[in-house]
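K.L.:
Pasting a structure below so you can have a look.
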Amino acid sequence: MTVLEKLNQRIDAANSMVCVGLDSNIDRIPERFYSEPHPQFAFNRWIIEQTHEYVCAYKPNMAFYEARGADGWLELQMTMDYLHTNHPDIFTICDAKRGDIGSTNTGYVTAIFDRLGFDAITLHPYLGGEALQPFLERADRASIILCRTSNPHSDELQSMNVDGQPLWERVIERVRNEWNGNNNCMLVIGATYPDDLRRARKLAGDIPFLVPGVGAQGGDAATVLQIGADSNRHGLVVNSSRGVIFADDPAAVARQLQADLQPR
């Protein structure tokens, strides 16, 4: 089973394209978790217990763990171990936005795929395909290339005109035509630009999208499903982070997102 087959099997099993972002800012988790010996992990475990039946993926953002040094790295490892033991069928994404050269990338590959055991990682393409190669050649893992992101100022570079096309369209073409030789690439396409999401699906064919921007950033889940799904009505991993994990009732929010993002 390939890594993207694992994703599609989980989408079918949960009837969901929901990804919950474990952006577990230690300063925002509920006070009751501070008495735990590992508060960040305890919070993550609680979120997973509340939401796992409604999701296809979890996506920890490395920043909230790296900021805590050794304690944060330990609690991220504990989170991943918990998922591997209790929910091994759920797809896991490391939101690290890596991409460098040579031995630096080899270190990232070892840390994120082999030490932590993630199924996928977010990568920026600015250094070109050669720099991404250590990730791309791992056919057992997915490389999720930043393309048309959801943040308000993404136009600054992503929409620059390159011979009549915005740069983000050129990134799609490069992934589609050159970088996806192992059929393990995905693209980050934000929910906050629905016209571009529709265009991205036309250009990308059935390459799966990680779609941030639903929930706290204002993207609409039903619209994303309507215009972003692939030819098999799959191809989407729709992320909500703060809108789920800091909600009064995370299970209810995740359940509603699942209802809005059912592939069948």
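The values are calculated or read from the model by the stated rules, or taken from the named source; none is laboratory data. For clarity, every value in this text was computed on a predicted model and none was experimentally measured. For neighbour counting, all protein chains shown are included, and Cβ atoms are generated from backbone atoms with ideal geometry for every residue, glycine included. Note: areas computed on protein heavy atoms with side chains; ligands, DNA, RNA excluded. Shrake-Rupley method; radii C 1.70, N 1.55, O 1.52, S 1.80 Å.
K.L.:
Which ones in segment 78-123 are modelled with pLDDT under 95, assigned to a loop (DSSP other than H, G, I, E, B) and open to solvent by 20 Å² or more (accessible area, probe 1.4 Å)?
P.N.:
Answer for segment 78-123, where residues must be modelled with pLDDT under 95, assigned to a loop (DSSP other than H, G, I, E, B) and open to solvent by 20 Å² or more (accessible area, probe 1.4 Å): Asp100, Ile101.
To keep it simple, each residue is scored yes or no on (1) touching a Phe, Trp or Tyr at 6+ places or on another chain (Cβ under 9 Å); (2) modelled with pLDDT of 95 or more; (3) surrounded by fewer than 23 Cβ atoms within 10 Å (Cβ to Cβ).
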residue: Asn151; (1), (2), (3): no, no, yes
residue: Glu156; (1), (2), (3): no, no, yes
residue: Leu167; (1), (2), (3): no, yes, yes
residue: Arg176; (1), (2), (3): no, yes, yes
residue: Asn182; (1), (2), (3): no, yes, yes
residue: Val214; (1), (2), (3): no, no, no
residue: Asp220; (1), (2), (3): no, no, yes
residue: Gln226; (1), (2), (3): no, no, yes
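K.L.:
Also: Could you list all residues from segment 146-162 that are part of a strand (DSSP E or B) and in contact (Cβ under 8 Å) with a residue 12 or more places away in the chain?
P.N.:
Leu146, Cys147, Arg148, listed by residue number.
K.L.:
Being touching a residue at least 24 places away in the same chain (Cβ under 8 Å), of a type outside the set (A, V, I, L, M, F, W, C) and closer than 25 Å to Phe135 by Cβ narrows it down to one of Glu75, Glu66, Glu53, Glu5, so name that one. Working first, answer last.
P.N.:
Details: Glu66 fails: touching a residue at least 24 places away in the same chain (Cβ under 8 Å); Glu53 fails: closer than 25 Å to Phe135 by Cβ; Glu5 fails: touching a residue at least 24 places away in the same chain (Cβ under 8 Å).
Selected residue: Glu75, the only one of Glu75, Glu66, Glu53, Glu5 that is touching a residue at least 24 places away in the same chain (Cβ under 8 Å), of a type outside the set (A, V, I, L, M, F, W, C) and closer than 25 Å to Phe135 by Cβ.
K.L.:
Would segment 25-38 turn up any residue that is in contact with a Phe, Trp or Tyr (Cβ under 9 Å, 6 or more places away or on another chain) and among the aliphatic types (A, V, I, L, M)?
P.N.:
yes
K.L.:
Name every residue in segment 30-60 that is hydrophobic (A, V, I, L, M, F, W, C) and either in a helix (DSSP H, G or I) or open to solvent by 80 Å² or more (accessible area, probe 1.4 Å) (or both), in order of residue number. Walk me through how you get there before you give the answer.
P.N.:
Applying the first criterion (hydrophobic (A, V, I, L, M, F, W, C)) to segment 30-60 yields 33, 41-43, 46-48, 55-57.
Correct list: Phe33, Phe41, Ala42, Phe43, Trp46, Ile47, Ile48.
K.L.:
A further question follows. Which number in (1) buried (at least 17 other Cβ atoms within 10 Å of the Cβ); (2) modelled with pLDDT of 95 or more; (3) assigned to a helix (DSSP H, G or I) marks the one condition that Lys202 misses?
P.N.:
Of everything listed in (1) buried (at least 17 other Cβ atoms within 10 Å of the Cβ); (2) modelled with pLDDT of 95 or more; (3) assigned to a helix (DSSP H, G or I), Lys202 misses just condition (1).
K.L.:
Now for a different question. Is it the case that some residue within segment 10-20 is in contact with a Pro (Cβ under 8 Å, 6 or more places away or on another chain) and open to solvent by 20 Å² or more (accessible area, probe 1.4 Å)?
P.N.:
Checking segment 10-20: at least one residue is in contact with a Pro (Cβ under 8 Å, 6 or more places away or on another chain) and open to solvent by 20 Å² or more (accessible area, probe 1.4 Å).
K.L.:
Something else about it: Please indicate, with yes or no, whether at least one residue in segment 163-171 is in a helix (DSSP H, G or I), more than 24 Å from Leu83 (Cβ to Cβ), aromatic (Phe, Trp, Tyr) and touching a strand residue (DSSP E or B) at 6+ places or on another chain (Cβ under 6 Å). First the steps, then the outcome.
P.N.:
Initially, segment 163-171 is screened for residues in a helix (DSSP H, G or I), giving 167-171.
Still in the running and more than 24 Å from Leu83 (Cβ to Cβ): 167-171.
Add one more test, that the residue is aromatic (Phe, Trp, Tyr), and what stays is 168.
Imposing the further condition that a residue be touching a strand residue (DSSP E or B) at 6+ places or on another chain (Cβ under 6 Å) reduces the set to 168.
Yes, because at least one residue in segment 163-171 is in a helix (DSSP H, G or I), more than 24 Å from Leu83 (Cβ to Cβ), aromatic (Phe, Trp, Tyr) and touching a strand residue (DSSP E or B) at 6+ places or on another chain (Cβ under 6 Å).
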